[in-house]
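The values are calculated or read from the model by the stated rules, or taken from the named source; none is laboratory data. For clarity, every value in this text was computed on a predicted model and none was experimentally measured. Every residue, glycine among them, receives a Cβ derived from its backbone with ideal geometry; neighbour counts consider all protein chains shown.
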């Protein structure tokens, strides 16, 4: 069945080299993402170093239970995604669609929980702006923490949203088209993106929710 | 190489959740300035597990390791050089 074999573009020697090139390309994109988020992590680090008391006070006002549950949700979704990539490489496309939908469902659950958390914070006047209010001793720099918090979690949530949309799209392609017949590289790359988004949250979680929790 | 045994993914997933529990527990113990160091060490471990097993870096050629390392190397340049400025401004 030569028509079912993975097509190799003319610039590559074989399918293995083509797949390696695709993976390298995805990691180049992820490197730009590392530096994109890195700039925000640097802003966080510099201001936390400069205003440690205000950042600790602000962090204790965040909802650690929501953050912890959301971390678990993303870690489990990454595990499901790993199995989806495995199903793709085994050419089990019905299972692939199911596992992708499971991953997307957990991603959506993350966004819903984050939404309730945001709603709580808006009600508590923790959204920076004219309505921002805190009785902390250094309100200006508590507001600075929350500015960084909203931007970093917001940009991360945007990445989760893009991921969920792509994953649902891929699930339907797995079920209703031959897009992934003997061709698992697109799913592997989608998996790399999703795992990267998970890694960003793995660092955001302790930095946002757990400054001086013990005191 | 693409299809690792399901056991590896399950063990990695379980280890990640266990490390999450450890992070939360450690946050409520007063370790002074070490709290942040412990939390970041656990996060780096989790990130390494995700990259090595979920992202298959462990089973990839050294060229990919260079690409992966380059991103983090440049990130460390940005963090270290910028923070060396902030942390030395008070010196006189």
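Quick notes on this one:
- Of the residues making up the range A:77-97, those that are in a helix (DSSP H, G or I), facing chain B (nearest Cβ under 9 Å) and out of contact with any helix residue (DSSP H, G or I) (no Cβ under 6 Å at 6 or more places or on another chain) are A:86, A:89.
Residue-by-condition table, conditions (1) closer than 24 Å to residue A:83 by Cβ; (2) more than 15 Å from the chain's Cα centre (by Cα):
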{"site": "B:5", "(1), (2)": "yes, yes"}
{"site": "B:15", "(1), (2)": "yes, no"}
{"site": "B:29", "(1), (2)": "no, yes"}
{"site": "B:42", "(1), (2)": "no, no"}
{"site": "B:49", "(1), (2)": "yes, no"}
{"site": "B:53", "(1), (2)": "yes, no"}
{"site": "B:59", "(1), (2)": "yes, yes"}
{"site": "B:68", "(1), (2)": "yes, no"}
{"site": "B:77", "(1), (2)": "no, yes"}
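Okay, residues lined up against (1) within 7 Å of chain A (Cβ to nearest Cβ); (2) in contact (Cβ under 8 Å) with a residue 24 or more places away in the chain; (3) more than 20 Å from residue A:204 (Cα to Cα):
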{"residue": "B:9", "(1), (2), (3)": "yes, yes, yes"}
{"residue": "B:30", "(1), (2), (3)": "yes, no, yes"}
{"residue": "B:33", "(1), (2), (3)": "no, no, no"}
{"residue": "B:49", "(1), (2), (3)": "no, yes, no"}
{"residue": "B:56", "(1), (2), (3)": "no, yes, yes"}
{"residue": "B:62", "(1), (2), (3)": "no, no, yes"}
{"residue": "B:73", "(1), (2), (3)": "no, no, no"}
{"residue": "B:83", "(1), (2), (3)": "yes, no, no"}
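- Any hit, the range A:11-25, residues being touching a helix residue (DSSP H, G or I) at 6+ places or on another chain (Cβ under 6 Å), more than 7 Å from chain B (Cβ to nearest Cβ), over 22 Å from residue B:56 (Cβ atoms) and part of a helix (DSSP H, G or I): no
- No other residue among A:71, A:62 is within 14 Å of chain B (Cβ to nearest Cβ), outside any helix (DSSP H, G or I) and at pLDDT 95 or above apart from A:62.
- Taken together, A:68, A:54 contain a single residue that is buried (at least 16 other Cβ atoms within 10 Å of the Cβ), under 19 Å from residue A:152 (Cα atoms) and under 19 Å from the mean Cα position of the chain (by Cα), which is A:68.
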